[in-house]
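**Q** Input: one structure, supplied below.
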Amino acid sequence: MAALKTKFISHGTLGSTDLEATRRFYEEFLGLEVVRTSPVSLMIRLGGNHVYAVVYTKKKERMPRVYHNGLDVDTDAEVDEAWRACHAQAAQWGLHDIDKPSARHGTYSFLFWDADDNAWEILSNPKGGYTWIFEQGDLEGRGHFERGFRHKRPDAKKETAKHE
């Protein structure tokens with residue numbers, strides 16, 4: 001039994017050096033829902049009840065790759081389309097370090113950093129995101145890094161292994 005009686009992961013926090021520009025980017029480029037919660041903060045969400053608080057900070061450090069934020073799309077083709085959009089609009093939104101899409105941890109995705117140096121991953125995932133991995137329980141060996149792991153997805157028949 002856990003020491004704490006927690007019941008829901010409600011939020012995470014991101015930093016921003018310019019809340020107005022960040023809000024436009026989140027709404028117009030990423031398609032997120034945004035509300036202003038104070039003179040120094042926003043709240044964002046997409047597709048569920050988990051939210052991020054976005055807090056103004058004068059000195060924002062670059063988010064390391066390992067702490068990235070994932071945004072799901074339905075297909076590999078949509079990942080490729082998003083990658084092209086990132087390149088086409090990089091100067092407008094201050095996007096940088098845009099990776100090439102590739103197969104990784106059971107999906108197809110790429111990462112990039114925004115003007116606030118927050119890291120984002122665009123990935124193809126079935127409905128429910130990574131719950132399909134979580135529901136498999138503890139994994140052994142290389143786990144979700146195993147070659148062919150993607151074939152265990154509930155939508156494996158819909159997506160081919162063309163990117164593996």
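The values are calculated or read from the model by the stated rules, or taken from the named source; none is laboratory data. Model, not experiment: these values are computed from the prediction. Cβ sites come from the backbone with ideal geometry, for glycine too, and all protein chains shown count toward neighbours. What goes into the accessible areas is simple: the full protein's heavy atoms, side chains included, and nothing from ligands, DNA or RNA. Shrake-Rupley method; radii C 1.70, N 1.55, O 1.52, S 1.80 Å.
**Q** Do you know which of the residues in region 119-164 that are under 12 Å from the mean Cα position of the chain (by Cα) and either open to solvent by 30 Å² or more (accessible area, probe 1.4 Å) or of a type in the set (Val, Ile, Thr) (or both) is modelled with the highest pLDDT?
**A** Ranking the qualifying residues of region 119-164, first place goes to Ile122.
**Q** Restricting to region 1-16, count the residues that are open to solvent by 100 Å² or more (accessible area, probe 1.4 Å) and either under 21 Å from the mean Cα position of the chain (by Cα) or basic (Lys, Arg) (or both).
**A** So the answer is 5.
Each row is one residue, and each column tells you yes or no for (1) open to solvent by 20 Å² or more (accessible area, probe 1.4 Å); (2) in contact (Cβ under 8 Å) with a residue 60 or more places away in the chain; (3) within 19 Å of the chain's Cα centre (by Cα).
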| residue | (1), (2), (3) |
| --- | --- |
| Glu81 | yes, no, yes |
| Cys86 | no, no, yes |
| Asp114 | no, yes, yes |
| Asp117 | yes, no, yes |
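**Q** Quick one: Met43 ticks every box in (1) outside any helix (DSSP H, G or I); (2) closer than 30 Å to Gly148 by Cα; (3) in contact with a Phe, Trp or Tyr (Cβ under 8 Å, 6 or more places away or on another chain) except a single one, so which number is it?
**A** (2)
**Q** Also, I was wondering about something else. Tell me whether region 97-104 contains one or more residues that are open to solvent by less than 20 Å² (accessible area, probe 1.4 Å) and on the phi < 0 side of the Ramachandran plot. Please lay out each step first, then the result.
**A** Initial filter on region 97-104 (open to solvent by less than 20 Å² (accessible area, probe 1.4 Å)): none.
There is no residue in region 97-104 that is open to solvent by less than 20 Å² (accessible area, probe 1.4 Å) and on the phi < 0 side of the Ramachandran plot.
**Q** On to the next question. Look at region 60-79 and say how many of its residues are more than 11 Å from the chain's Cα centre (by Cα), surrounded by fewer than 15 Cβ atoms within 10 Å (Cβ to Cβ) and touching a residue at least 40 places away in the same chain (Cβ under 8 Å). Steps first, please.
**A** Within region 60-79, the first condition is being more than 11 Å from the chain's Cα centre (by Cα), and the residues that meet it are 60-66, 74-79.
Narrowing the set further to residues that are surrounded by fewer than 15 Cβ atoms within 10 Å (Cβ to Cβ) leaves 61-62, 64-66, 74-75, 77.
Checking the rest, the ones that are also touching a residue at least 40 places away in the same chain (Cβ under 8 Å) come to 61-62, 64-65, 74-75.
Looking only at that region, the number is 6.
**Q** Residues to consider are Tyr52, Tyr108; find the one that is outside any loop (DSSP other than H, G, I, E, B) and open to solvent by 40 Å² or more (accessible area, probe 1.4 Å). Steps first, please.
**A** Details: Tyr108 fails: open to solvent by 40 Å² or more (accessible area, probe 1.4 Å).
Just a single option satisfies the conditions, and that option is Tyr52.
**Q** Please determine, by comparing only the residues of region 17-42 that are farther than 24 Å from Glu81 by Cβ and free of Cβ contacts under 8 Å to residues at least 24 places away in the same chain, which one is most open to solvent (accessible area, probe 1.4 Å).
**A** Selected residue: Pro39.
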